[in-house]
Amino acid sequence: MTRAKPTKKTKPAAEPARGPNYRIAIADAHAHLFAVSTCIDAPDASGQIVTLPSWTPGSYLMREFARHIVEIRAATPGKRRPRSVDLVKLDKCTWQAAACAGPLVIDYLVYAFDLSVRAAHLDASHAFFNGSSVFLAVAGQEQRSHRIDIVKPAGDAFSGWRVATTMTGESVSPQGFGTYVARDYSELIDHPVEIGSFQTIRFMACGTAHDFVISGAVPNLDAKRLAADTKRICETQIRLFEPSRQVAPFARYMFLTTAIGEGYGGLEHRSSTALICSRDDLPRTHHPGREDSYRAFLGLVSHEYFHSWNVKRIKPAAFVPYRLDRENYTRLLWIFEGFTSYYDDLTLVRAGLLSENQYLALLGKTINEVSRTPGARRQSVAESSFDAWIKYYRQDENSPNAIISYYRKGSLIALALDLRIRFLTHSKKSLDDVMRHLWQKLGAKFDEGQDVGLGEGEFAQAVLAATGVDVTDDVARWAYGVGPLPLAELFAPFGIKMSFEHAAQHPGLGAKCAADPLGCRIVTAYDGEAAQRAGLSANDVVIAIDGLRITHATLARVLKRYSAGQRVEVHAFRRDELKRVTLALDEEPPSECRVSADRGNRHRSAWLKESA
């Protein structure tokens, strides 16, 4: 990593004591099994304890990775053969070995068939793993240096396989197999690994090497366009946080991307991200492709890259350090996920990848989603952040009535704060200054071992320090309350108008519906609206209105025959029982938010075109 020259001589940081050595190999690709070994040279004399994390940072759900260990045993070397060591399981993710002199070797098999960005996946086409799902933490040695040997699989079927990771290589082959090192356990599990036959696209952004590593067939991939567009995203964000030096907080970066038929998601890491997407979301040569889908993918790329600063290095105090065997509660995810969601599309505008009108249309869509969610009137984004572990990541049919997304509403709070700060300072200060302040105060020394988090009540103070604007009351109302945001008022000085229109020209059932072989299935019956008032609920399948059969495809056409307030007879199946209810149709609420701009506003131009 390139850093400014120190003003005085300092002693180099001492290398931490040697910790565990890991070895990971493919035991059986068809059975989706990794063989992992953890070697502990100096185990705890009273009996070494080891633990596998129960969640992975960035995805706030207890995933219980230990459930994928299908076989585990411990031994210590003997003169002729290894001697077995008793290994007792203490709880869902913790084991303790009997006292031994060491070295202690723990061998285990991990079932890896989670085709997502959060855990591990292995088959005959590729291998991928997050360290949190495969590497045991050795109690008492988490702060020591760790080594990992990634073993090249034997056989012609794997002859073309390579390794992609941003972990530091100590002794590796040209294909990437060999020994890697990490300063501590936290760093070990923060470098995901892709193994297989993948395509690599390299580009430089502000002098730092970046690689797009794409696993999965993508015929006619327009690699040049993907690299050029991503380069603009990366440089825009680097300049935002480091306008003078324009230096990234890492020596290199990788976008580890798995392209499949249908998929979408990402998980951030300190110098890489794991992405999953539909191959049709990627740009193709000689084919226009799905431009909206490609822009959405670029938004995902932008989101995860922004996390390199916001949440990986600037983070809540509750995450310093991560406790990986339990939930880590914070009311600030609306800042770390919501602000990142604000900047992901804003970056695309500033990088010239999204027009002003396209961006305003996306804002309208987000405003509409938040305003149409009944849960926004019950749960604040601070509460949503705190309850992410049990609510946001575990949604059910009633979730729209009970919760609000700290991603979506958090992004609108970021928008509101940005506009407020810009208006009060005549565009001399902005939320960009707040992010730079947090970076310098909390994040810039992360890679030097100084990990400091943002306290639960410190955000408004940071805004005041960075901009001179007191947003204490705004934060209290917008983030800790459930009222609507005054976006129309905040937009006005920037020459932007916001209005709500009726997209549906018919009354409604007051429910979210989906197709079903029998008719139209209710996914969510919105609180207090027509379907719920009549006694219908989630999973009921509406088959007829006033004696005429309906489907999900014909529902809107049928409802156009009626007016709001009219009573209709509805037949629906609940499980295998036929129900008949009388339902008074609701007037459909405004369901389309339009955000539009007039011509030539210098404050808007400073907002949307500013990059430092």
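So the values come out like this:
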| read-out | value |
| --- | --- |
| Flag for residue 191 being within 28 Å of residue 279 (Cβ to Cβ), crowded, with 16+ Cβ neighbours inside 10 Å and either at pLDDT below 95 or not assigned by TED's automatic domain parsing to the domain that holds residue 138 (or both) | no |
| Leading residue by the ranking (nearest to residue 214 (Cα to Cα)) among those in region 286-322 that are β-branched (Val, Ile, Thr) and surrounded by fewer than 23 Cβ atoms within 10 Å (Cβ to Cβ) | 311 |
| Count - residues of region 530-555 that are of a type in the set (Gly, Ala, Ser) and surrounded by fewer than 14 Cβ atoms within 10 Å (Cβ to Cβ) | 2 |
| Positions within region 435-459 being surrounded by fewer than 16 Cβ atoms within 10 Å (Cβ to Cβ), assigned to a helix (DSSP H, G or I) and either of a type in the set (D, E, K, R) or at positive phi (or both), in sequence order | 448 |
| Lone unmet requirement of (1) touching a residue at least 24 places away in the same chain (Cβ under 8 Å); (2) in a loop (DSSP other than H, G, I, E, B) for residue 396 | (1) |
| Leading residue by the ranking (surrounded by the fewest Cβ atoms within 10 Å (Cβ to Cβ)) among those in region 460-478 that are in contact (Cβ under 8 Å) with a residue 40 or more places away in the chain and assigned to a loop (DSSP other than H, G, I, E, B) | 468 |
| Selection count, region 282-308, where residues are closer than 22 Å to residue 350 by Cα and in contact with a Pro (Cβ under 7 Å, 6 or more places away or on another chain) | 2 |
| Residue count, region 220-271 (criterion: within 23 Å of residue 393 (Cα to Cα), of a type in the set (Gly, Ala, Ser) and at pLDDT 95 or above) | 2 |
| Qualifying positions in region 239-269 - touching a strand residue (DSSP E or B) at 6+ places or on another chain (Cβ under 7 Å) and not hydrophobic (A, V, I, L, M, F, W, C) | 252, 253, 257, 258, 261, 262, 263, 264, 265, 266 |
| Candidate set from region 67-117 (those that are surrounded by 15 or more Cβ atoms within 10 Å (Cβ to Cβ), among the polar types (S, T, N, Q) and part of a strand (DSSP E or B)); member that is farthest from the chain's Cα centre (by Cα) | 76 |
| Single residue of 137, 112 found to be over 21 Å from residue 44 (Cα atoms), in the same structural domain as residue 55 (by TED's automatic domain parsing) and among the aliphatic types (A, V, I, L, M) | 112 |
| Any chance residue 296 is in contact (Cβ under 8 Å) with a residue 60 or more places away in the chain and among the hydrophobic types (A, V, I, L, M, F, W, C) | no |
| Long-range neighbours under 6 Å by Cβ, at least six apart or interchain, first residue touching a residue at least 60 places away in the same chain (Cβ under 8 Å) within region 111-131, second charged (D, E, K, R) | 121/114; 128/194 |
| Odd one out for residue 352 among (1) closer than 28 Å to residue 511 by Cβ; (2) more than 19 Å from the chain's Cα centre (by Cα) | (1) |
| Strands (runs of 3 or more DSSP E) completely within region 229-336 that count 1 or more residues being closer than 25 Å to residue 129 by Cβ and aromatic (Phe, Trp, Tyr) | 252-260, 264-268 |
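Quick grid of which residues meet (1) modelled with pLDDT of 95 or more; (2) over 21 Å from the mean Cα position of the chain (by Cα):
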| site | (1), (2) |
| --- | --- |
| 343 | yes, no |
| 348 | yes, no |
| 361 | yes, yes |
| 372 | no, yes |
| 380 | yes, no |
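The rows are residues; the columns are (1) surrounded by 24 or more Cβ atoms within 10 Å (Cβ to Cβ); (2) in contact (Cβ under 8 Å) with a residue 60 or more places away in the chain; (3) under 30 Å from residue 511 (Cα atoms); (4) touching a helix residue (DSSP H, G or I) at 6+ places or on another chain (Cβ under 9 Å).
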site	(1), (2), (3), (4)
377	no, yes, yes, no
380	no, yes, yes, yes
401	no, yes, yes, yes
418	no, yes, no, yes
423	no, yes, no, yes
427	no, yes, no, yes
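The values are calculated or read from the model by the stated rules, or taken from the named source; none is laboratory data. None of the values given here were measured: they were computed from a predicted structure. Neighbour counts run over all protein chains shown; Cβ positions are idealised from the backbone, glycine included.
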